Structures are given as structure tokens and as C-alpha cells.
1. Setting aside same-chain residues fewer than 8 positions from residue 42, which lysines have a Cα under 17 Å from its Cα?
2. Which shape class, rounded, prolate or oblate, goes with region 114-251 when its Cα gyration tensor gives a ≥ b ≥ c as root eigenvalues, a/c under 1.5 marks rounded, and past that a/b bigger than b/c marks prolate?
3. Going by accessible area, probe 1.4 Å, with all protein chains left in place, what is the ranking of 160, 177, 231, largest first?
4. Pairing the Cα long axis of helix 323-333 with the longest principal axis of the chain, what angle in degrees results, from 0 to 90 and rounded to the nearest 10?
5. Using just the Cα positions, wrap region 224-280 in a convex hull and report its mean projected area in square nanometres, one decimal place.
6. Can you put 183, 300 in order of accessible area, largest first, using a 1.4 Å probe?
7. Going by alpha carbons, how many degrees (0 to 90, nearest 10) lie between the helix axis of 236-245 and the longest principal axis of the chain?
8. Pick from 152, 91, 296: which is most flexible by mean-square fluctuation in a GNM of the chain where alpha carbon atoms under 10 Å apart are linked?
Amino acid sequence: MAYKILYVEDQKTDSRELDLKALGFEVESYDPSSDLSEILGKLNNIDALILDYRLTNGEKHACFDAPTIAATLRSKHTTDFKERPIILMSNEDVIVDYYKDFTNQDLFDFAISKKDFLGNKEKFKNYLTSFVEAYSKIKTDNFDLLKIFQINSSESGLIHTQIKSKLKSKEGFIYEHSRLINDTIINAIGTLIGEDILAARLGISKDSKDWAVVLDSLKDAKYFGIFSDIHSRWWMDKVNFWWENVIEFETPLRRLNAEERVNVIKTKLSLDDLNPSVKTEYSTSSNFWTICKFSNKPLDPFDGIELLKKDYLPWQEKEYISFDSALTEIEKFKNIISEIDKKAIRELANKVNTNG
């Protein structure tokens, strides 16, 4: 089935419309006027809305931009109003400003620059399709978390009690469910983990030829809920269960270094080509448990520099960068690391420069 998109843009959209149609979508382009009700009247039969950020330069002289439309739609929580994904697609500098503006970030399901769209149209198609289908599933499943996360009643303990509480408070609001799951569970470390974190915690280099065999052994730990079509994730509790009951090793993963973990897995699964991950230059431990936020390389949190966020939710683990990344990318992270860590980075930089 071809999903229907309303593309709101104040400039000529012929090429973009053709691009979207070539991806298999039904597309209607619209240059908005100053009458916001006109846009609302076009939403009944669409599956997703794509908005350019600036909408005031068109022939119809709209007096509002994308956040105004999105805010209006997000407030229309009535029984006869169909919620649908809202995507921001604009010029790159606008997208950068969008990510700096926390007041607008809770209005759109995701944002993409026109340049990135043109550079990877298939990825955009997969993302948009995933969001449309996530909205549909949340509604069809009537906000049943077991169905949304694709687990059975005996596995309900996989979902953190605070997640259940948060989602229960947002029951009836599809976008709020979708956003919380995507932003704070799928795209975070904690209840679910991605492949890089999984490899780090098993101590395995993903370049190993037998990595695929290990992933197959972990198939029962795989996450199959909404957004699993665009993000490969594993339940960490099920990974621990696999370690205890499939690998049958009593010592917790966290207490072993990478080489020890790999040796245990190689022996149990009778594998030949499985190599341990190696630590970064300025790390001291291979008891990996996370990854560097910048390089994605495995990292023991004790070797990392904690990124200071406004808040971590109860089910989320802290994020770090390695000292290696900090030395080369300090400008990118300087506003979200502590003064003590900045001092440690300066001292390491001086030592590196002194030693040549």
C-alpha cells in the first residue's frame, strides 16, 4: 500500500515531489496561505506530513512557519482527529538551528536536511514508513505495551516500571507514545542496546567472521517491537539470560575483560574466528560496557568522560566519550563535560604534546 504524504513547501516542489513519488509514496504538494484551517482541511486522508521550516515566501504569503503548524496539530487531541507523523525537511542550516532549539524538538517525529534526503532517499523512505507503521500499530493495539513491544505477558518485567508509568500517563496520545519509545528507549542505552553496545559488552570485535554466528545465538534476545525495522536492538536482560543459560558462565560479563569474555564464548559456541575488541590508545581497561559517543569504539565507563545531560531517565545509562575523542573533538563536547574532566583533558593534551 502506498502511503499518502502532504508536502508543505513555499517554493517550487516539482523535483522533491518526483523524488518522493519515486520512493513509492502518493504525494500532494501545498503552498500554504495565511489561513491555517486550509492545511487542517487537507489532513483527513494522509498518512504523514512533511514540512519545510520557512513557509512565508510563497505565492500565497503564509504568515507562519512549520513549528506553528506542528504545534497546532499536536494540540488537536480529539477523538475524531487522526494523529500522523510530522517530518521537518529543510535546508541544512535550519536543521542545525532546529536541533539547538529544544522548544521545537518535541513537535516533529524527526528532522532531515534536504541534502541528506537527496544523499540517501532509501533511508528516508524506511524511516518515514517505520513511523507511519508505528503510529498505526500503537492505535491498532490500543496502547497495549506488550503488543507494541512484541513481548508476551511472562516478559512484561523487561519493561522498566517507570517506562510503564510514563506511557500509562500518555495513553490515548499516539505521538507521545511514539516519541517516548523512539527517543528515550530505542535511541538510548539501557533497557534496549544497539549492536555496538552489544559487541562491547561481549568484548567482541564486530570485524570477526563469527560475529554473525554470535548474533544468531542471541536471536531470542532481539527486540521486535515498533521501530525494530530501522533500528537493530537487543533486550539487555535477555542478553544476561543468554550469558547465564546458553553460555552457562556464572561470572557476570561486567567482571571480565574482553579477552576473557571472548574465550568463554568461543569455547561454548565452538567458534574459531572471534576476536576481542581492543581498547583505545588512552584507555587502560578492556572491561568494556559502553561505547564512545563520538567514535562508537568500545569503552569501560571508568576510562570515559561522562557527558552531562539535563537529565537521564531512570531506565537510561550514562553516555561517555573516550579521552582519545576528547583530544580531537573538545570543541564539540566542551559544553557538556565537567570542569574536572576539561582539566584532565588539558593535562593529557600537554603530556601528549610534551612527549611529541
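The values are calculated or read from the model by the stated rules, or taken from the named source; none is laboratory data. Keep in mind that what you see is a predicted model, and the values were worked out from it rather than measured. FYI the Cβ positions are ideal-geometry reconstructions off the backbone, even for glycines, and counts take in every protein chain you see. Heavy atoms of the whole protein, side chains included, go into the accessibility calculation; ligands, DNA and RNA do not. Shrake-Rupley method; radii C 1.70, N 1.55, O 1.52, S 1.80 Å.
1. Within the straight-line cut-off, residue 42 pairs with 4, 60, 76, 82.
2. It comes out oblate by the Cα gyration axes.
3. Most to least solvent-accessible, the answer reads 160, 231, 177.
4. Here the helix axis deviates by roughly 20 degrees.
5. 5.4 nm²
6. 183, 300
7. Orientation of helix 236-245: about 30 degrees from the principal axis.
8. Evaluated over the chain, the most mobile residue of the options is 152.
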